[in-house]
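Contents: one structure, followed by commentary.
Bear in mind that the values in this text are calculations on the coordinates, not laboratory data. Here the structure is a predicted model, which means the values were calculated and not measured. With ideal geometry, Cβ positions are generated from the backbone for all residues, glycine too; neighbour counts draw on all protein chains shown.
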Amino acid sequence: MYDKATNETINHYFKVHGIYTDRCLEPTEKCQQPAIRSHSIPCGTVLGQLSYEGHVVMAQMKLKVPPPNIIEFKYIGRNKATTFSGLCGQHDNDIFRSIDDRLPDLSDQTHLFLLAYRAVLREYYVVLQNAVRFQSTYRKRVELGLSPGTEPCKFGMFALSHLCNAYECYEYKRHIDLAYLAGDWSQLNHHVLLIKNQSPSIAVSSMFSLDEVDAPETPRVTLSVFPTESDVAVVFSAIPSDSPYVDTYLHRLLTSESYLQKYLLSKLILQSCDNFVIDPQYYDSMPQDRKDAICQFYVNTILETAEDHEDARLYLF
Ligand SMILES: [Zn+2]
């Protein structure tokens, strides 16, 4: 998959960085404070508007022994929803206060950058957790004699693929870190949509990659969705080198009329995003077969997308 030097670089990186998974991932990489559980979707504004009796609805893994595990959409406390341990309290506040205390201003390039930056930080935190977890499990297998450790096996390759993914995500994050430190907001391009007269039903803060796109490096895009006063704001962000691929990928969605646009956006969220909340009152108002269709599509597209799958029940608005 990678040449020897790249593998050694990745191994070195994990020796240096992978041990402490609760470290603050702030952009100067100097902070020694432990990370706190901070919200990737602002609690006071967005979650406050979407929650009902202190709860929102999220996709959750229901661990089962033996596997397979089950995904279900369930109520989760607003204070816990969408949190991740990627920043200390000071850095979370210093970096994101301007989009936490009030709703982001869609005409402010700093706010648009910060929306994407938070999705990048959260994604990096998630893939780092996974990489460390799978590598640790693989090492345990080697220790117990269940994997050879001296030659490739499927468990070792699985762990390695997650290490590589985390390393690539780290390189992407560093690009955004350095842009943030320089105040260079031009390092992200945005598409901003306003869904007019739309009552709030969901919020999203997620980053995903366009794995099917033929490009030298897999393009990535962040998506933020949040309710404004009477509309719903949708922001896609990408680095300049990924933008041509992202623009092509989003063309149909960006140019569709309202009803189709909401359908395409719902499908994209369900198949590509892992960090979104649904208003419980909106969710509870859906007929059961619609809830089932949404959950099934979410599960079916965890490992691969299903662009051709059409189902009129897959609406999140
Ligand atoms: Zn910090």
The chain - percent relative contact order, Cα under 8 Å, separation 6 or more: 18 percent
Charged-residue dipole, Cβ positions (Lys, Arg, Asp, Glu), the chain about Cα centre, Debye nearest 20: 1080 debye
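Are there any trypsin sites (Lys or Arg not before Pro) in the range 98-167 that are in a DSSP loop and have at most 15 other Cβ atoms within 10 Å? List them by number.
Within the range 98-167, the qualifying trypsin sites (Lys or Arg not before Pro) (loop, at most 15 other Cβ atoms within 10 Å) are ARG102.
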³J(HN,Hα) computed for each position of the range 237-254 - Karplus, 6.51 cos²θ - 1.76 cosθ + 1.60, integer Hz, glycine/proline x: 9, 8, 6, x, 5, 8, 4, x, 5, 5, 4, 5, 4, 8, 3, 4, 4, 5
Simple spin-label estimate for HIS175 and ASP211 in nanometres, 7 Å along Cα-Cβ: 2.0 nm
Rounded tilt (10° steps) of 288-300 against the dominant C-alpha axis of the chain: 30 degrees
Amide hydrogen neighbours beyond the local backbone of GLN60, cut-off 5 Å, H modeled: GLU72, PHE73, LYS74
For the range 166-216 versus the range 109-137, the gap between their alpha-carbon centres in whole angstrom: 11 Å
Lysine pair count for the chain [Cα-Cα under 23 Å; pairs on different chains or 8 or more apart]: 25
Amide hydrogen neighbours beyond the local backbone of GLN198, cut-off 5 Å, H modeled: ASP231, VAL232
Separation between Cα centres of the range 246-267 and the range 25-43, rounded to whole Å: 33 Å
Within the range 189-300: Cβ-based charge dipole about Cα centre, in debye rounded to nearest 20 (Lys, Arg +1; Asp, Glu -1): 220 debye
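What does the C-alpha gyration tensor say about the overall shape of the range 177-268? Classify as rounded when a/c is under 1.5, otherwise prolate if a/b is larger than b/c, or oblate.
Numbers: a/c = 2.26, a/b = 1.37, b/c = 1.65.
Oblate, since a/c reaches 1.5 and b/c is not below a/b.
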Values of log10 I(q)/I(0), in the order q = 0.07, 0.08, 0.12, 0.15 Å⁻¹, for the chain under a Debye, Cα-only, solvent-free model: -0.28, -0.37, -0.87, -1.37
